[in-house]
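Accompanying notes for the structure given below.
The values are calculated or read from the model by the stated rules, or taken from the named source; none is laboratory data. Just so we're clear, the structure is a prediction, and the values are computed from it rather than from any experiment. Positions of Cβ are backbone-derived with ideal geometry, glycine not excepted, and every protein chain shown enters the neighbour counts.
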Amino acid sequence: MTVFYRGSGDAPSPDRPGRQESLRDHNLTLIYRQIAAAGARPVSRADIATSSGLTRATVSRIVEELVAGRLVAEVAPEQRSGARRPPTGLVLSREGPAGLGLEVRENYLACCIVDLTGTVRHLTIVPGDYAGQAPQEVLAGIAAMADAAIAGAREENMTVVGATLAVPGLVDGRRMIRLAPHLGWRDIDAGQLLADAITTANVPVTVDNEANLAALGEMYASEEHLTHFLYVSGDTTLGAGIVIDGHLMRGARGWSGELGHVSVDPEGAPCHCGARGCLEGYASLETLRRAMDLPASPELVSAIAAQADAGSPAMLAALDRAGVALGTVLAGLVNVFDFDTIILGGGYAVLASWLTDPVQRELDRRVLTAGWAPVEARPSLLGPDAAVIGAALTVVDEVRRYPPGWLAEGDDKRSRARRESAPQLL
Ligand SMILES: [Zn+2]
């Protein structure tokens, strides 16, 4: 799978207190972003000099650093007979730094590698029943998948520079899972456990909520200018990633997006969270499963889609009810936050043919401003893999936002590798 990755090259750099950005770092970032912004189209040194206002000598020196650091690759010009030889073009490197995305769900584990161009180079999904299993065992399983992916990336001259784990639950401080109800996990230091369990490389691990990562993945991969949207992840649980002004809104404690526990009916059925009438009880895949008495299975979403495809009136009615409940809650959020787009992701991406219409209908009916500026509900671009791809893209995005950081780290690693290998050379 290939994701054309627009990234956040034009977004402001994150605050880096204490970092005195040198002129060289500034120019290097500028040139790198110019090459990144051109996507697959090669850019010449002369083009960069013209548009940046830098001298040809400065551009050449910095490009040399970018090529040596495997951030940028040179592509041979097309040779046309009789024509003057065109200049060598520069594109983002498909070798060099890469991001590792991991995902733990109650019904599958996923692992992917994304290179600097945003291309998914590796994606494995292992279905299974992970609910209630010991976190150490599950994390050891996903670490083994990560080790295999890191080794495979090395063979293709990529260096995995970080890993992000997506989980369906509340994450504290980007490492501690406070609660993942459907996995049965509570207060698990997943960041540390995973970093210890990955043995092939010393990669920094961060942990985040799956809907947050999927929202970021959609933003990075979208060709539209998505800046105010809500990503809805519909599975056994319902989560949301909230993006405002191009930034993920995590909330005061980082726990925003618990869409499944917005109340639809204060007198409704009790929810496992302790409240009543939560949206999860109306619109989650688990609710659809129970309504149709389907067996619990890792392939639940396909089973639901198959019944709907076959025209089962009961399934179509259940999907419509779910869409109405979902659209009602989403309309309330649009009235508060003024999103222009609602992205249906996770399992909802697979069921979008049946959910989009009722959701759109409720948005059109209930959003105060819909008469002037309709809100669009649409399926996710990345489909059910959005969270694991988004997780890998967040690592890549770090490099793309501040390429001198990777070069400095690369230099460190290179000189360390030289030092370590020196005795063997004697
Ligand atoms: Zn609830």
Worksheet item: What number goes with the only condition from (1) touching a helix residue (DSSP H, G or I) at 6+ places or on another chain (Cβ under 9 Å); (2) farther than 21 Å from Val264 by Cβ; (3) at pLDDT below 95; (4) surrounded by fewer than 24 Cβ atoms within 10 Å (Cβ to Cβ) that Ala373 does not pass?
Response: (1)
Worksheet item: Taking the range 289-305 as the search range and keeping residues that are of a type in the set (A, V, I, L, M) and in a loop (DSSP other than H, G, I, E, B), which one is farthest from the ligand (Cβ to nearest atom)?
Response: Leu294
Worksheet, complete the sentence: Checked the range 221-249 for anything more than 21 Å from Leu300 (Cα to Cα) and among the hydrophobic types (A, V, I, L, M, F, W, C); matches are Ala221, Leu226, Phe229, Leu230, Ile242, Val243, Ile244, Leu248, Met249
Practice prompt. Filter the range 179-194 down to residues that are touching a residue at least 24 places away in the same chain (Cβ under 8 Å) and surrounded by fewer than 19 Cβ atoms within 10 Å (Cβ to Cβ) and give me whichever is nearest to Met145 (Cα to Cα).
Written response: Gly184
Worksheet item: In the range 323-339, is there at least one residue being in a loop (DSSP other than H, G, I, E, B), more than 16 Å from the ligand (Cβ to nearest atom) and without any contact (Cβ under 8 Å) to a residue 40 or more places away in the chain?
Response: no
Worksheet item: Of all the strands (runs of 3 or more DSSP E) wholly in the range 90-177, which have at least 3 residues that are without any contact (Cβ under 8 Å) to a residue 60 or more places away in the chain?
Response: 120-127
Discussion item. Taking the condition of being charged (D, E, K, R) and at pLDDT 95 or above, how many residues in the range 290-309 meet it?
Written reply: 1
Discussion item. Please pick out the residue among Val203, Val243 that is surrounded by fewer than 21 Cβ atoms within 10 Å (Cβ to Cβ) and hydrophobic (A, V, I, L, M, F, W, C).
Written reply: Val203
Worksheet item: Could we say that Leu230 is touching a Leu at 6+ places or on another chain (Cβ under 7 Å), modelled with pLDDT of 95 or more and within 16 Å of the ligand (Cβ to nearest atom) here?
Response: no
Worksheet entry | Whichever residue in the range 340-370 is surrounded by 21 or more Cβ atoms within 10 Å (Cβ to Cβ), within 25 Å of the chain's Cα centre (by Cα) and not in a helix (DSSP H, G or I) and, among such residues, is modelled with the lowest pLDDT | Gly346
Response to the item:
Those residues of the range 268-288 that are more than 10 Å from the ligand (Cβ to nearest atom) and more than 17 Å from Arg321 (Cβ to Cβ) come to a total of 0
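Here's the yes/no breakdown for (1) over 27 Å from the mean Cα position of the chain (by Cα); (2) of a type in the set (D, E, K, R); (3) modelled with pLDDT under 95:
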site: Ser52; (1), (2), (3): yes, no, yes
site: Leu66; (1), (2), (3): no, no, no
site: Arg84; (1), (2), (3): yes, yes, yes
site: Gly89; (1), (2), (3): yes, no, yes
site: Gly96; (1), (2), (3): no, no, yes
site: Asn107; (1), (2), (3): no, no, yes
Worksheet entry | Selection within the range 250-267 - within 24 Å of Val171 (Cβ to Cβ), within 16 Å of the ligand (Cβ to nearest atom) and of a type in the set (A, V, I, L, M, F, W, C) | Trp255, Leu259, Val262
Worksheet entry | Hits in the range 400-413 (condition: within 23 Å of Ala215 (Cα to Cα) and surrounded by fewer than 22 Cβ atoms within 10 Å (Cβ to Cβ)) | Arg401, Tyr402
Practice prompt. Answer with yes or no whether Leu319 is crowded, with 23+ Cβ neighbours inside 10 Å and either within 16 Å of the ligand (Cβ to nearest atom) or part of a helix (DSSP H, G or I) (or both).
Written response: yes
